[in-house]
Structure formats: C-alpha cells, structure tokens
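Here's the structure, in structure tokens; my notes come after.
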Amino acid sequence: MDKTEPRIITNELYFEEVQRLLHEGKEVCIRIKGNSMLPFIKNGDRVLLEAYRGTPLPSGANILAKHEDKFVFHRYVGKKNGNIVLAGDGNIALYEYVTSSDIIAIATKHYSGDSDLAKDINSTWPRYTVTGISCISMVHGSDARTPDNGHIAPIFIFENLLPKNAQAESGSKK
C-alpha cells in the first residue's frame with residue numbers, strides 16, 4: 001500500500017464532514033488541538049464523539065460546539081441566562097456561552113496520546129480527585145456559587161492535599 005502525504009484542510013471542511021458522519025448516526029473520533037483542556041485532555045489526545053440529541057447535559061460533559069464561528073471542545077459547567085456555559089479545564093476565567101443548537105456532539109471516550117486504551121470521559125469529574133483536587137459543580141442558579149460580578153467561578157477544594165488533621169477540622173471527607 002502506498003503511503004499518502006497528509007493533506008491540510010480547513011477546520012470548516014473538517015467539521016462539516018464530522019457533522020455529516022454524526023448525523024448519519026456514526027461515532028467519530030477526532031484529535032484535540034490546543035491546551036485549554038489541560039491537565040486532563042492534552043494536545044494530540046483523541047476523543048470519541050456522539051451526536052448531541054438535545055438531551056439534558058450531565059455536569060462536566062465534554063462538548064464539541066460552535067462558538068463565534070469557531071469550533072471548541074470544552075466542558076459543560078452550567079447555565080446562565082438561558083445559555084449553556086462551557087469552559088476549558090485549564091481556563092479559570094474564560095467561558096463560552098452557547099445555545100443547545102450550537103452543540104454538535106458529546107464526547108464518550110478519551111484516548112491519551114497514541115494509546116488505544118479508552119478512558120470513559122464521563123468519569124472526568126472524579127478524575128480531579130486523582131490529582132488531589134476535588135471539584136464542586138460549577139452551575140448558575142439556585143445552587144450556584146458565583147462571585148459578585150455574576151460570572152460562574154470554578155471552585156476547587158484542595159482537601160486531598162491537606163494534612164489529615166486539617167481535613168477533619170474543615171469537615172471534609174475523603
């Protein structure tokens with residue numbers, strides 16, 4: 001078999017094909033470009049996508065969406081003023097506000113680097129505890145934790161990094 005040279009195509013053309021395959025009911029594996037999902041999803045990792053069908057989004061779902069004419073792969077962190085709020089794991093202050101019609105797909109599996117070993121991407125939230133960080137749900141509404149400026153703020157508790165006596169004093173449980 002002859003090895004073919006890689007071809008470079010525009011994101012628009014690439015994601016047009018991704019969307020076509022998703023609409024046919026197929027799963028699509030894409031390679032992630034960028035570092036906004038660090039530390040859990042790295043540049044060059046792959047994710048397996050399923051078409052978004054309008055179902056309620058679970059907290060922490062990894063979403064492929066169109067935002068301001070660009071494609072983003074970020075985590076669902078909540079709702080605000082009727083919009084869906086997405087943020088990269090490595091972004092503590094930048095958010096994308098999209099509507100459900102902007103969502104293209106939800107990731108179901110994550111492949112680190114060139115590994116063929118799939119990780120269930122829906123268990124990403126518990127993966128925070130592996131690094132010693134626990135994450136509280138970042139939502140807007142009755143159970144929201146928002147600063148005075150109205151922005152949704154991620155809240156990280158470094159309980160697993162504290163000495164055991166400090167955990168007991170703070171009321172944290174492992």
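The values are calculated or read from the model by the stated rules, or taken from the named source; none is laboratory data. What you are looking at is a predicted structure, and each value in this text was computed from that prediction instead of being measured. Here the Cβ positions follow ideal geometry from the backbone for every residue, glycine too, while neighbour counts run over all protein chains shown. To get the accessible areas, we keep the full protein, side chains included, count just its heavy atoms, and leave off ligands, DNA and RNA. Shrake-Rupley method; radii C 1.70, N 1.55, O 1.52, S 1.80 Å.
Scanning region 79-122 for residues that are open to solvent by 30 Å² or more (accessible area, probe 1.4 Å) and of a type in the set (Ser, Thr, Tyr) gives Tyr95, Tyr97, Thr99, Ser100, Ser101, Tyr111, Ser112, Ser115.
In region 31-60, the residues that are closer than 15 Å to Ile103 by Cβ and free of Cβ contacts under 8 Å to residues at least 40 places away in the same chain never reach a residue that is surrounded by fewer than 17 Cβ atoms within 10 Å (Cβ to Cβ) and hydroxyl-bearing (Ser, Thr, Tyr) with C-beta atoms less than 7 angstrom apart, at least six apart or across chains. In the set Gly90, Gly78, Gly113, only one residue is in contact (Cβ under 8 Å) with a residue 60 or more places away in the chain, in a loop (DSSP other than H, G, I, E, B) and among the small types (Gly, Ala, Ser); that residue is Gly113. Could you go through region 35-44 and let me know if any residue there is within 19 Å of the chain's Cα centre (by Cα), modelled with pLDDT of 95 or more and crowded, with 19+ Cβ neighbours inside 10 Å. No, the conditions are met nowhere in region 35-44.
One residue is enough: does region 12-25 have a residue meeting the conditions farther than 23 Å from Ser115 by Cα, of a type outside the set (Ser, Thr, Tyr) and part of a loop (DSSP other than H, G, I, E, B)? Checked against the condition, which is being farther than 23 Å from Ser115 by Cα, of a type outside the set (Ser, Thr, Tyr) and part of a loop (DSSP other than H, G, I, E, B), region 12-25 yields at least one hit.
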